[in-house]
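For reference, the structure discussed in these notes is given below.
The values are calculated or read from the model by the stated rules, or taken from the named source; none is laboratory data. Because the structure is a prediction, the values reported are computed rather than measured. Backbone-built Cβ (ideal geometry, glycine too); neighbour counts: all protein chains shown.
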Amino acid sequence: MKNMGILVKKAFHRSKIYELSKHQHHDIVLMEYSLLQENQKYKYICEVQGVFRLNKEYTILVIAWIITINLLIRYVPRNRSREAWLVFLFKLFLTWIFGLLVVELDMIEYPIRFFMEASRTSFTFEFFVYPAICVLFNLHYPEGKGKGRQWMHYVYYCSGITIIEVFLEKNTRLIIYTNWEWYWTWITLFVTFYMSRKFYLWFFKPYSKVDKS
């Protein structure tokens, strides 16, 4: 009888251990399922945020195209279209060189851009927006005005573009400064605007009387 009691106690303990392990296993399964749901929820939120960010940045690029095209239509007279094309292509040549140089030297990155497989630089800004703004800069240059007014013309354009670029760098993934500072943007804009202005005057000097500046 004593041995029988011992066997019963062992069987009882084993059943208790089994029940406990069963409950623990059940709890572990529930915990894993809960963690899996949380993980899936987190991944979904990240995907939604990623899509929203991409949509936001591509929307900005599209808006940049629309605004720039409207500015060209509104502020470039038809009778000056030849001048506009010349300035646009010259500035495009400069931004093509500078734009590729800075990305190849890892000074600037453009994580989100059109034609990502074609070039590491921003097609929108380097090949369209900046050349188009340079057209407006030259066609509306304050010829015959004082040196101070002409200097401020450079300051307005360079500072305006730089402020917008810095805002995009801090709030989007359209541009990232890696080994770059805002004042380098201002300086390169000033240099390329100045070069385009001198080229414009040199090219059209035989055809019209344009005050040197």
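A few points about this structure:
- Hey, ARG113 outside any helix (DSSP H, G or I), touching a helix residue (DSSP H, G or I) at 6+ places or on another chain (Cβ under 7 Å) and surrounded by 19 or more Cβ atoms within 10 Å (Cβ to Cβ) or not: yes
- Entry remark, region 132-158: residues being in contact (Cβ under 8 Å) with a residue 24 or more places away in the chain, closer than 22 Å to ASN70 by Cβ and of a type in the set (Ser, Thr, Tyr) number 2 in total.
- Looking across VAL87, VAL62, VAL76, one residue alone is at pLDDT 95 or above and within 17 Å of MET195 (Cβ to Cβ). It is VAL87.
- Of all residues in region 159-183, those satisfying the criterion of being touching a residue at least 60 places away in the same chain (Cβ under 8 Å) and more than 21 Å from LEU136 (Cβ to Cβ) are THR172, ARG173, LEU174, ILE175, ILE176, TYR177, THR178, ASN179, TRP180.
- Residue check, THR188 assigned by TED's automatic domain parsing to the domain that holds LEU89, more than 18 Å from the chain's Cα centre (by Cα) and among the β-branched types (Val, Ile, Thr): yes
- Helices (runs of 4 or more DSSP H) fully within region 120-213 counting 1 or more residues that are exposed (fewer than 13 other Cβ atoms within 10 Å of the Cβ): 147-171, 182-204
- Every residue from region 59-79 that is over 21 Å from the mean Cα position of the chain (by Cα), of a type in the set (A, V, I, L, M, F, W, C) and assigned to a helix (DSSP H, G or I): LEU71, LEU72, ILE73
- There is no residue in region 82-93 that is assigned to a loop (DSSP other than H, G, I, E, B) and over 15 Å from the mean Cα position of the chain (by Cα).
- Checking SER196 against (1) at pLDDT 95 or above; (2) over 16 Å from PHE98 (Cα atoms), the condition it does not meet: (2)
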